[in-house]
1. Could you go through the range 120-137 in sequence order and give the Karplus-derived ³J(HN,Hα) for each residue, using 6.51 cos²θ - 1.76 cosθ + 1.60 with θ = phi - 60°, rounded to whole Hz, and x for Gly and Pro?
2. Would you list His202, His223 from fewest to most Cβ contacts within 10 Å?
3. Can you count the Lys pairs in the range 75-139 with C-alpha separation below 19 Å, eight or more apart or on different chains?
4. For Ser135 paired with Glu120, estimate the spin-label separation in nm (one decimal), with each label point 7 Å from Cα along the Cα-to-Cβ line.
5. Rounded to the nearest angstrom and ordered from largest down, what semi-axes does the equivalent ellipsoid of the range 122-274 get from its C-alpha gyration tensor (root of 5λ)?
6. Which whole-number percent is the relative contact order of the range 138-192 (Cα, under 8 Å, 6+ apart)?
7. Net charge within 12 Å of Asn198 by Cβ-Cβ distance, Lys/Arg positive one each and Asp/Glu negative one each, not counting Asn198 itself?
8. Which residues does the label zone of Ala217 cover in the range 104-121, counting backbone N under 17 Å from a point 7 Å along Cα→Cβ?
Amino acid sequence: MPKRKTSLSGRPEHLTGIISPKTGLNKKSQPKVLAIIPARFGSSRFPGKPLALVAGKTLLERLYETIARARLIDRVVVATDSDDIKKVVERFGGEAIMTGKKHLTGSDRTFEALQKLGGEIIINIQADNLGVKPSDFDKVLAAMMKDRKTEYASLAVKVDDEEILFNPHRVKVVTDKQGDALWFSRYPIPFLQGITGNRLSHFNFLYHVGVYFFRRAALTRFHSWKRTPVEKAESLEQMRILENGGRIRIFKIGGPIISIDTPQDLNSLEIDNL
């Protein structure tokens, strides 16, 4: 396998201009906006998933490159419990830190990264979702910078396929009139009473995208709370916020969003959509 070319700075050539002094992603000073990709090697359904190859690049590298293009993100860091993942990230020119092995959620791992790196707005970006655009990150960040009352935020996409609606790996979300989340579930919500046939023609269902925006104090508060009953029942960390009375502002974005949960998902992946 041929070696990748490097620039004069020693950074791999394909990341030169993406991770640059201008963007601030390599600064060691405390960032204003810190993007964390929590990446653990162990997974019951797909061990080593962050390092799975998609058209010659790992999932992590593809995601890292996209995040690094967001205008309002100051620093991107992979938080991992795996030496192998850390080495791969550093090999493609990214930044990674080691975190503990006992974290039960990505947001709890993100909190450890916050303690080490600092930041005012912190983003937890799950390593198995592709398709969120740099402009999507910037849209949410700009809104949070304008409205400091927004402590938690996340993303959702309109469901356009009933297979997604009934897939428990695609989490559904319902919102109030202001766009704040009312509930998340792996079950299709809301239930449509008396409706048969094509449900999508009767309601604009939304599925949740695994990206969480926190203010520093809000993430600290999240980590201090014990895991909650519905969080445990559905295995959805965001329910910890709702069960403790918090509000999560949901921003709708366009698709397609590609979620990789099993090795079979890679087989059906359409490279043109990346």
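1. Along the range 120-137, the couplings run 9, 10, 10, 10, 9, 10, 4, 7, 10, 10, 10, x, 6, 8, x, 5, 5, 4 Hz.
2. Details: His202 12, His223 19.
Ranking His202, His223 by Cβ neighbours within 10 Å, fewest first, gives His202, His223.
3. Numbers: Lys86/Lys101; Lys86/Lys102; Lys86/Lys116; Lys87/Lys101; Lys101/Lys116; Lys102/Lys116.
So the count works out to 6.
4. 2.5
5. Details: eigenvalues 119, 75, 52 Å².
Computed over the range 122-274, the values are 24, 19, 16 Å.
6. On the way: 43 pairs, mean separation 13.1, N = 55.
Reported as a whole number, the value is 24 percent.
7. -2
8. Under cut-off, by backbone N: 119-121.
Bear in mind that the values in this text are calculations on the coordinates, not laboratory data. For clarity, every value in this text was computed on a predicted model and none was experimentally measured. No Cβ is skipped: glycine too gets one built from the backbone with ideal geometry, and neighbour counts run over all protein chains shown.
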